[in-house]
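Novice: Can you keep this structure in mind? I'll have questions shortly.
The values are calculated or read from the model by the stated rules, or taken from the named source; none is laboratory data. Just so it is clear, the structure is predicted and the values come from calculations on it, not from any experiment. Every residue, glycine among them, receives a Cβ derived from its backbone with ideal geometry; neighbour counts consider all protein chains shown. Please note that ligands, DNA and RNA were not included when accessible areas were found on the heavy atoms of the full protein model with its side chains. Shrake-Rupley method; radii C 1.70, N 1.55, O 1.52, S 1.80 Å.
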Amino acid sequence: MPDKKRMVPCDVLVVGGGIAGTAAAISAARAGAQVVLVEKNGYFGGTIVGAMHQALCGFYGLKKPSASTRTIHGGFADEFCAALKGAAVLQMGRVFVLSAGYKNTAAVLAEFIRSEKRIRFIRGTVFNAECRNHVVDSFRIRTAKKNYQICSQAVVDASGNNAVMRCMGMDGIYERDESRQLGGFSVRLSGIARGHEMLEIKVPYWLSKVQSEKNLPSYCRFTQFLPGPRPREGFLKICVADKESPQFARLLVMVLHRYLREVLPEMSASRISGFSERVFPRQDERSRGAYILTGEDVVSGRRFMDAAARGAWPSEFWDKDNGPQYRYVENGHYEIPKRCLQSRRFENLFAAGTMISADPSAHASARVSGIALATGEAAGRLAAEYCRSSK
């Protein structure tokens, strides 16, 4: 007989504690659902934290926000941004980002989760899921100490890798190797000399030279330097094929850093003080919904009758040969229909964040943090609505 102590009933199960998953859990709990949030790491924020992102993208459009401007999403996005201490809206090219810091982001998300009494957090991974009559209703969660069986009425997959469908041996949307974006890997640098304002220009220039001189991978020339929150701190963001190991990425970035120390006086005394957890893909297997958002939907600013969220970030595709390719949104913003968040196969399975149903070009916009938070909030609300209607 099953161990009743390890059986956990709930209304909504959320898989993944990134910015989309936490927004989904909070949204469902506020709508009255009892929520179980499962995350394999001991922190909230997902890629933002693991990849040490300093800037959060997708909360604003192309127009310069004023001091009183809210995000393009409204709702929990406004509440979240207001809770970020010391965050500032900065212009990056033609778009605006929120300079918040990954540690600040993780702390704020954790506080929101703690404040919701209807959310139970389990640190673990989903390794089995069962379904019947087009409904997913039972999950097994593996933790460090024991396994749980979760029985839920609805589930939100915010895992970033189609975890729920994979547990059942089913595929989602996945790009062929030749159409995949480059992955990202970051390092934190300390000991940079003061007066390093030009490093954002100098670093790509010098790394473009060393790439051709020393026959390094061509994507080394797409490396970016971003200033850190402290005066003598900064971040190198390199691009690598998303199937490369973290060991390869570490070795490559140490070679690049050694060269930068030789050619740039501002970097001569700098040292590496932190690495990304792994190479983070900019795209992965994701849900196939009732509708697949397209790149043309994004750039044309298309509206939908069943809109669940909106976005304004350009389609930012990191091509392995040509680097970042931008296609900007017309008409201010585009909308994401509920059908992109609703599984085509299972009526109680919803997707959030990088898991929504989108083609590669649309996904290159919808994957960023601000839009992921908005689709997470919408998916949590839809899951809670499903629970009420099924009762």
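Novice: Identify, from the list E233, E262, the residue that is open to solvent by 10 Å² or more (accessible area, probe 1.4 Å), of a type in the set (D, E, K, R) and touching a strand residue (DSSP E or B) at 6+ places or on another chain (Cβ under 8 Å).
Specialist: Among E233, E262, only E233 is open to solvent by 10 Å² or more (accessible area, probe 1.4 Å), of a type in the set (D, E, K, R) and touching a strand residue (DSSP E or B) at 6+ places or on another chain (Cβ under 8 Å).
Novice: Next up: Among (1) surrounded by 14 or more Cβ atoms within 10 Å (Cβ to Cβ); (2) touching a helix residue (DSSP H, G or I) at 6+ places or on another chain (Cβ under 8 Å), where does E111 come up short?
Specialist: (1)
Novice: Something else now. Could you grab me the full set of residues in the range 330-344 that are among the charged types (D, E, K, R), part of a loop (DSSP other than H, G, I, E, B) and under 15 Å from L382 (Cβ atoms)?
Specialist: R344
Novice: Here's something else I'd like to know. Scan the range 136-143 and give yes if some residue there is among the hydrophobic types (A, V, I, L, M, F, W, C), open to solvent by less than 20 Å² (accessible area, probe 1.4 Å) and under 18 Å from the mean Cα position of the chain (by Cα), otherwise no.
Specialist: Checking the range 136-143: not a single residue is among the hydrophobic types (A, V, I, L, M, F, W, C), open to solvent by less than 20 Å² (accessible area, probe 1.4 Å) and under 18 Å from the mean Cα position of the chain (by Cα).
The rows are residues; the columns are (1) free of Cβ contacts under 8 Å to residues at least 60 places away in the same chain; (2) under 28 Å from R94 (Cβ atoms).
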site: I238; (1), (2): yes, yes
site: E266; (1), (2): no, yes
site: I272; (1), (2): no, no
site: L293; (1), (2): no, yes
site: A312; (1), (2): no, yes
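Novice: Another question about this same structure. Could you tell me whether any residue of the range 345-354 is part of a strand (DSSP E or B) and either under 26 Å from R94 (Cβ atoms) or open to solvent by 40 Å² or more (accessible area, probe 1.4 Å) (or both)?
Specialist: no
Novice: Then there is this: Taking only the range 231-285 into account, find how many residues are out of contact with any Gly (no Cβ under 8 Å at 6 or more places or on another chain), in a loop (DSSP other than H, G, I, E, B) and over 30 Å from G172 (Cβ atoms).
Specialist: Residues meeting the conditions: 4.
Novice: I would also like to ask the following. Quick check: anything in the range 192-210 touching an Asp or Glu at 6+ places or on another chain (Cβ under 8 Å) and of a type in the set (F, W, Y)?
Specialist: no
Novice: Out of all the residues in the range 38-59, is one or more more than 24 Å from Y326 (Cα to Cα), in contact with a Ser or Thr (Cβ under 8 Å, 6 or more places away or on another chain), free of Cβ contacts under 8 Å to residues at least 24 places away in the same chain and not aliphatic (A, V, I, L, M)?
Specialist: Within the range 38-59, not a single residue is more than 24 Å from Y326 (Cα to Cα), in contact with a Ser or Thr (Cβ under 8 Å, 6 or more places away or on another chain), free of Cβ contacts under 8 Å to residues at least 24 places away in the same chain and not aliphatic (A, V, I, L, M).
Novice: Same structure, new question: Mind checking which pairs have a first residue in the range 111-131 that is within 15 Å of V155 (Cβ to Cβ) and assigned to a loop (DSSP other than H, G, I, E, B) and a second that is open to solvent by 50 Å² or more (accessible area, probe 1.4 Å) and at pLDDT 95 or above, Cβ under 8 Å, 6 or more apart or different chains?
Specialist: Short answer, once both residue conditions are applied: none.
Novice: In addition: If you go through the range 275-285 one residue at a time, do you hit one that is polar (S, T, N, Q) and in contact (Cβ under 8 Å) with a residue 40 or more places away in the chain?
Specialist: yes
Novice: Could you check the range 281-313 and list, in sequence order, the residues that are more than 17 Å from L341 (Cα to Cα), modelled with pLDDT of 95 or more and open to solvent by 40 Å² or more (accessible area, probe 1.4 Å)?
Specialist: Across the range 281-313, the qualifying residues are E296, S300.
Novice: Among G183, G172, which is over 14 Å from F225 (Cα atoms), under 20 Å from the mean Cα position of the chain (by Cα) and at pLDDT 90 or above?
Specialist: On inspection, the qualifying residue turns out to be G183.
Novice: May I pose another question? Is it the case that R278 is basic (K, R) and open to solvent by less than 10 Å² (accessible area, probe 1.4 Å)?
Specialist: no
Novice: From (1) closer than 19 Å to P65 by Cβ; (2) among the polar types (S, T, N, Q); (3) free of Cβ contacts under 8 Å to residues at least 12 places away in the same chain, pick out the condition that doesn't hold for N331.
Specialist: Among (1) closer than 19 Å to P65 by Cβ; (2) among the polar types (S, T, N, Q); (3) free of Cβ contacts under 8 Å to residues at least 12 places away in the same chain, N331 violates only (3).
Novice: Can you pull out the strands (runs of 3 or more DSSP E) entirely within the range 1-93 that have at least 1 residues that are open to solvent by 30 Å² or more (accessible area, probe 1.4 Å)?
Specialist: 7-15, 88-92
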